[in-house]
Amino acid sequence: MNSATDSLPVAALRRIGAMTLFLVQVLARTGPALLRPGLIVRQIYNAGARSLVIIMLSGMFVGMVLGLLGFDVFQRFGSEDYVGVLAALGNLKVLGPVLTALLFAGRAGTALTSEIGLMKSTEQLTAMQMMAVDPVRYVVVPRFLGGFIAMPLLAATFTVIALYGAQLIGVQQMGVDPGAYWSQTQNAVDLRDVWEGVVKSLVFGVAVSLVAVYEGFHAVPTPEGVGLATTRTVVTSSVLVLLLNYLLTAAFLTTH
Amino acid sequence: MTEASDAIVEVRDVHYAVGGRAIFDGVDITARRGRITAFMGPSGTGKTTLLRLITGQAYASRGSVRVFGEEVSKMSNRELFALRRRMGMLFQNGALLTDLDVYENVAFPLREHADLPEPLVRQLVLTKLHAVGLRGAARLMPSELSGGMARRVALARAIVMDPDILIYDEPFVGLDPISMGVICRLIKQMNEALGITSIVVSHDVHELATIAHDSYLLSGGKVVASGTPDELARSERAEVRQFMGGLADGPVAFHYPADDYRSELLGGSK
């Protein structure tokens, strides 16, 4: 049972197991937590609305880079009209969900972890237990659900703004014909591609939110412990998002 | 009332160890109805652990812990939560919920456990806040309170469900003399006016002497002395005298166990 002496694979497996059990605990209490929508709405605001500015800014810049890069590459082949296709598919399928999830982990995930960790280190969670209130139901579930709901909304916002940024560079600045730009995009993008982005952002929402609340709830209740837990949230959820992205991309390609 | 039914909390021959280190080695303690019982002892003697055993946050490896005559370790989760609704606990730093203001903190247990109309909640919260002298601070956030005020709010929250037992975990730590006096007075007041059985864990000998009816001195995993604070103050036992008198050296040694001083200094590098 001594987790300090475990080898790396065993420790990783142990953590995956513990997180899965925690997810089951969280899901089991989701029913009763839904009776208190106010708590969840507040967490959607905390995780979602407060991440909006950074998501929109990043989306804009990513879109503009795609516009530049696409134009540079495609003009070598005389096919600048395809800039829109690259921007749309790249954003919808990969960049939108992945970059949103990474930013979300850094902005909202760390905030969740440090907030719950601080509540633990100041005995607020114990105090709740002493008042016969289950802290998983009252603290963890609303934050998990808030993150889970906010993440796809943020990913959608990111994607839309990135598409605008790409056309800003491609069409407005580089002078690609807007008719060709949009018709090529429309031809290339299938509803399936949108669906892929939606599924990814839902999965990433679960992953990042779960890691964040898990790390906070299991943080060592000291200042060092909370700091360490916050770092772990970023590292674990980022790696997890990139790994899941690969698996999901492969899965969508094989079922094509 | 008989002796037995008078005991609200009974701890009998309790043994408890963490990571192979024995914290309790046969502890017997009784907290009686309507009295203030103090647990004293040097830091690290497991005073707070004792509270965790009484409130069912941890279980003894041997012995029995009974509250209202019921064995805590045999309770189901539901029974434990029912027991905790009859207990109020004041944490070292208040443990107020940081995202709620003072009013909502005190209202929290009511909102979670009782489906009361808002005017009644308001009345209950304001009377409890008035009792601790902080009715005027109802709309402040916990971050705007001083340490002493936070603890008074926590006290109002602890009594809002009208508990039978109030547990205070180190209520005097880090307070200035005025706040200490206020908390002291409140503990006495809650006990006398509401007839609440109180358990106070602390190492502030002088404050406890003015309020406690019974006191227990814990050291080295055992109860080394018990009685009224006066009896403890007059005790001739070395452990009791060291603690009550605040002596640097005694049965609790000043030096952490180490090799012989002279040989270590002369022994060169190690």
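Readers should treat all values here as calculations from the given coordinates under stated rules, not as data from a laboratory. These figures come from a predicted structure and were not determined experimentally. With ideal geometry, Cβ positions are generated from the backbone for all residues, glycine too; neighbour counts draw on all protein chains shown.
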**Report entry** Peptide A:128-141, shielding by other chains (average Cβ, 10 Å cutoff)
**Finding:** 5
**Report entry** Three semi-axes of the equivalent ellipsoid, the stretch A:3-111, Cα gyration tensor, whole Å, largest first
**Finding:** 38, 22, 13
**Report entry** Nearest-20 debye value, the stretch B:1-54 charge dipole, Cβ charges on Lys, Arg, Asp, Glu
**Finding:** 260
Query - Gyration tensor verdict on chain B (Cα atoms; rounded if a/c is under 1.5, prolate if a/b is larger than b/c, oblate otherwise) - result: prolate
**Report entry** Selected from A:F144, A:V133, A:G84, residue furthest toward positive end of dipole (the stretch A:80-151; charges at beta carbon)
**Finding:** A:V133
Query - Rel. contact order, % - alpha carbon contacts under 8 angstrom, at least six apart, chain A - result: 32
Requested in this report: Given the options A:I54, A:I149, A:I16, state which has the largest fluctuation in a GNM of chain A using a 10 Å cut-off (strictly under) for Cα springs.
Outcome: A:I16
Query - For peptides B:224-231, A:93-100, B:74-81, sequence by mean Cβ density within 10 Å, most packed first - result: A:93-100, B:224-231, B:74-81
Requested in this report: Find how much the distance from B:S76 to B:T98 grows on full extension, using 0.36 nm per residue of separation minus their present alpha carbon separation; answer in nm with one decimal.
Outcome: 4.9 nm
Requested in this report: Indicate, rounded to the nearest 5 percent, the antiparallel portion of the DSSP beta bridges found entirely in chain B.
Outcome: 55
**Report entry** Radius of gyration and Dmax over the Cα atoms of the stretch A:129-213, both given in Å
**Finding:** 19.7, 67
Report summary line: Sequence order, the stretch A:107-119: Karplus ³J(HN,Hα) from phi using 6.51 cos²θ - 1.76 cosθ + 1.60, θ = phi - 60°, Hz rounded, Gly and Pro as x, gives 8, 7, x, 5, 4, 4, 4, 5, 5, 5, x, 5, 4
Requested in this report: Treating the angle as unsigned and between 0 and 90°, give the value, to the nearest 10°, between the Cα long axis of helix B:118-131 and the longest Cα principal axis of chain B.
Outcome: 40
Requested in this report: Specify the residue with the greatest mean-square fluctuation among B:L186, B:L166, B:L50, computed from a Gaussian network of chain B linking alpha-carbon atoms under 10 Å apart.
Outcome: B:L186
Report task. Grab the beta carbon distance between B:S146 and A:I16, set R0 = 45 Å, and tell me the FRET efficiency rounded to 0.05. Result -> 0.50
Report summary line: Compactness summary of the stretch B:186-246: radius of gyration and Dmax from Cα atoms, Å, are 12.3, 38
Requested in this report: Please find the FRET efficiency linking A:V65 to B:E118, where r is the Cβ-Cβ separation and R0 is fixed at 45 Å, and quote it to the nearest 0.05.
Outcome: 0.25
**Report entry** Helix B:147-159 vs. chain B, principal-axis angle (Cα, 0 to 90°, nearest 10)
**Finding:** 60
Query raised in the report: What's log10 of I(q)/I(0) for the stretch A:38-254 at q = 0.09 Å⁻¹, Debye sum over Cα points only, no solvent?
Result: -0.42
Report summary line: Averaged over residues of B:93-101, the number of beta carbons from other chains lying within 10 Å of each residue's Cβ is 5
Query raised in the report: By how many degrees, 0 to 90 and rounded to 10, does the Cα axis of helix A:191-217 deviate from the longest principal axis of chain A?
Result: 30
**Report entry** Square roots of five times the Cα gyration tensor eigenvalues for the stretch B:30-140, Å
**Finding:** 30, 18, 13
Report summary line: In terms of the alpha carbon gyration tensor, root eigenvalues a ≥ b ≥ c, rounded if a/c is under 1.5 and otherwise prolate when a/b exceeds b/c or oblate, the stretch B:1-73 is prolate
Query raised in the report: Where Rh denotes the Kirkwood radius from the mean inverse Cα pair distance, what is Rg over Rh for the protein assembly as shown?
Result: 1.11
**Report entry** Choice from B:A193, B:A82, B:A233 with maximal GNM fluctuation in chain B (Cα, 10 Å cutoff)
**Finding:** B:A193
Query raised in the report: Average projected area of the Cα convex hull of the stretch A:41-102, in nm²?
Result: 4.5
Report summary line: With the 8 Å Cα cutoff and a minimum separation of six or more residues, the stretch B:1-143 has a relative contact order in percent of 20
Query raised in the report: So how many Å³ per residue does the convex hull of the Cα atoms of the stretch B:148-191 work out to?
Result: 61
Report summary line: For A:K120, the lysines lying under 29 Å Cα to Cα, once residues fewer than eight places off in the same chain are dropped, come out as B:K47, B:K74, B:K128
Report task. Give me D for the stretch B:129-270 in µm² s⁻¹, whole number, from Stokes-Einstein with Rh from the Kirkwood sum over alpha-carbon pairs, 37 °C and 0.692 mPa s. Result -> 183
Query raised in the report: Between the stretch B:62-86 and the stretch A:173-226, what is the C-alpha centre distance in whole Å?
Result: 48
Query raised in the report: Where both residues lie in the protein assembly as shown, what percent of DSSP beta bridges are antiparallel, nearest 5?
Result: 55
Query - Average partner coverage of B:104-114, which counts Cβ from other chains inside 10 Å - result: 2
Query - When the convex hull of its Cα atoms is projected in every direction, mean area for the stretch A:86-166 (nm²) - result: 5.6
